[in-house]
Amino acid sequence: MTNTLLILPGDGIGPEVMAEVTRIIDWFGARRGLKFGVSEDLVGGAAYDVHGVPLADATMARAQQVDAVLLGAVGGPKYDSLDFSVKPERGLLRLRKEMDLFANLRPAQCFDALADFSSLKRDVVSGLDIMIVRELTSGVYFGEPRGIFEENGQRVGINTQRYTESEIDRVARAAFELARKRGNKVCSMEKANVMESGILWREVVQAVHDADYPDVELSHMYADAGGMQLCRWPKQFDVIVTDNLFGDLLSDVAAMLTGSLGMLPSASLGAPRANGRPKALYEPVHGSAPDIAGQGKANPCACILSFAMALRYSFDQGDEATRLEQAVEKVLADGVRTADLMQAEGATPVSTRGMGDAILAALDASL
Ligand code: IPM
Ligand code: MG
């Protein structure tokens, strides 16, 4: 079976971090015999500049056909004044929605070499390894009605939180399946105390658990308390499953526990395609960082680790994924640092390219 990959570098630092990923992909081809059919296309502001839309129909169609989409980042000040419907972010949201990528996996792992970068104490975060499973295709991000309307002489902004049983069911299953391969614990977060959608969420997650995953330890938490617990003692968690909006917030909180947004990958998975592989999109959690774009300062690790997730979840290459993750860990342990990670004494400052070089060298050394 050929491995097909669509690369969408996007905006800001997207292209420069993706350039490092491309070298890593080539390495796996040359040294591990893992051949990928790679194509590249535009997304976000880069697509708007050429097509007048943040994602062309032809790009959307291609994304549906490949084994995995790898995305850099979208957005930038240049596009802030665009109409909402063609803003760069809409390109990303269209990919998520039309590919039906309902399970967004956001690991928050604290690399030991970076434990002192967290705003929390070392013993609170060192060794941290949690996985947030965020529902990605429904909820208040997509619910209708939505819009800004006139009502009694003033404007009113409306968004709708909406979840069907089947939408909750499928993301709950994804969380339980993952938990079985990790710490076997799931904590589900909603606001069942104030929201009907939260009441339904809790009921369905509990029912899926009782019917098919009684061996997994399940707890429920209100999402606000969940945010507090994430900061107080994050190591109590293994897998967290939550809705689209709470997941957006809680994953940013979890990200900061690990010290740098520049380190965190994500995977967004949908239903299996005809060849048995899930529809999938991989992207760093960080944004397009327009303030440092084009300067070779960006940390490519999050994007490189996103490719590691692709190796694991799309290409069934768990061992090679681990090889890549360990190479990143080794480089950090050796004190190699991009600008976002520069505060430790004795660290070696490197550019985006330099970080790529160091990871490639660590890969070579792994053979
Ligand atoms: C994220 C981002 C996106 C979101 C934006 C860019 C649309 O914050 O992936 O977490 O809100 O989902
Ligand atoms: Mg976010």
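Of all the numbered requirements in (1) within 16 Å of ligand 2 (Cβ to nearest atom); (2) part of a strand (DSSP E or B), Gly247 misses one, and that requirement is (2).
If you check Ser138, Ser188, Ser119 for being under 19 Å from Ala255 (Cβ atoms) and hydroxyl-bearing (Ser, Thr, Tyr), only one passes: Ser119. Contact annotation: residue pairs with Cβ atoms under 7 Å, 6 or more positions apart or on different chains, pairing a residue in the stretch 248-263 that is under 23 Å from Val21 (Cβ atoms) and at pLDDT below 90 with a partner that is of a type in the set (Ser, Thr, Tyr) and away from ligand 2 (no atom under 15 Å from the Cβ), are Thr258/Ser118; Gly259/Ser118; Gly262/Thr338. For the stretch 181-200, the condition of being of a type in the set (Gly, Ala, Ser), within 26 Å of Pro272 (Cα to Cα) and touching a His at 6+ places or on another chain (Cβ under 6 Å) holds for at least one residue. For the stretch 20-39, enumerate the residues that are without any contact (Cβ under 8 Å) to a residue 60 or more places away in the chain and touching a Ser or Thr at 6+ places or on another chain (Cβ under 9 Å). Across the stretch 20-39, the qualifying residues are Lys35, Phe36, Gly37, Val38, Ser39. When each of Ser251, Ser268, Ser288 is tested for being outside the structural domain of Thr4 (by TED's automatic domain parsing) and among the small types (Gly, Ala, Ser), the lone residue that passes is Ser251. Scanning the stretch 293-322 for residues that are of a type in the set (Val, Ile, Thr) and either crowded, with 18+ Cβ neighbours inside 10 Å or within 16 Å of ligand 2 (Cβ to nearest atom) (or both) returns a single hit, Ile304.
The values are calculated or read from the model by the stated rules, or taken from the named source; none is laboratory data. None of these values were measured; they are calculated from a predicted model. Virtual Cβ from ideal backbone geometry, glycine too; neighbours counted across all protein chains shown.
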